[in-house]
Structures are given as C-alpha cells and as structure tokens.
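Note sheet for the following structure.
Please treat every number below as a calculation from the coordinates, not as lab data. Source: prediction; values computed, not measured. Please note: Cβ atoms are built from the backbone with ideal geometry, for glycine as well, and neighbour counts cover all protein chains shown.
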Amino acid sequence: MSLDLVAAIAGKALDGLFARQTATADNIANAGSPGFAPVRVSFEEALRSAALSQPGDSITGSMNRIAAVTPRVETPLSDQLDGVKLDREITTASETSARYAMLIGMLDRTLQMQQLAVKGA
C-alpha cells in the first residue's frame, strides 16, 4: 500500500472522527432538551470497503473511492429513543479522542517516511 493511500485513508478517518466529535458535542449540549434524540456518526465500514483493493485496481481508483466516502449521521430507531445517556456520550468522546491521537501519530510517521524518501536517506 502506498504512503499516499495510507495518508488518504487516515485523512478520511479524521474527517469522520471530526463529524463524530461534533455530533457527540451536540448530543451532550442537548442532553436536557425534551424530545431530543441523540445521533451517531458512522463511516468506518464505508471507509474499509473503499480502501479494499479491487482486481485490476489502480491507486487512482482507490483514491477516488476513498475520497467519495462521507460520514453518515444516523438517528436512533423509534424504539431506541431513550434520550441522551451522558456516560455513553463521554465514552464516545474518549474513544474519538484516542483515535484522533493515533491517526495524527500515524500521519506524522507517514510524512516522516515521505521526507526520508525525498531526501534519499
């Protein structure tokens, strides 16, 4: 897998995590609002599918599929409208923060490898 492809996947994952962080903050901010239904953001499965190589696929094809992935905002089903659970939102916020840190570290290492390749070290 090329470094450009790794960076594209990580960048898209950061977009998804940003959307999840925004949704989580909105859920927490509206925790006391009557009738408010919390939302969830999903993108991992779509990103995973887009990143899988196809037979005869090119880097450009993979990059285009990855670029087309957008986070999906999901509202709970009508039988799951139990309102905002702050412990669940805090857990989601903590997981999102940890994933952000991991992805930033991975992107940093990817950029370092690209710099080494350019320098010829």
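Simple spin-label estimate for L5 and S49 gives 1.9 nm between the two label positions (7 Å along the Cα-to-Cβ direction from each Cα).
Applying both filters, DSSP loop and at most 16 other Cβ atoms within 10 Å, to the trypsin sites (Lys or Arg not before Pro) of the range 30-86 gives K85. Considering helices alone, the calculated mean residue ellipticity of the chain at 222 nm is -22000 deg cm²/dmol, with DSSP H runs of length four and up weighted by -39500 (n - 2.57) and normalised per residue. Given 20 °C and 1.002 mPa s, compute D for the chain with the Stokes-Einstein relation, Rh being the Kirkwood radius over Cα pairs; round to the nearest whole µm²/s. The calculation lands on 132 µm²/s.
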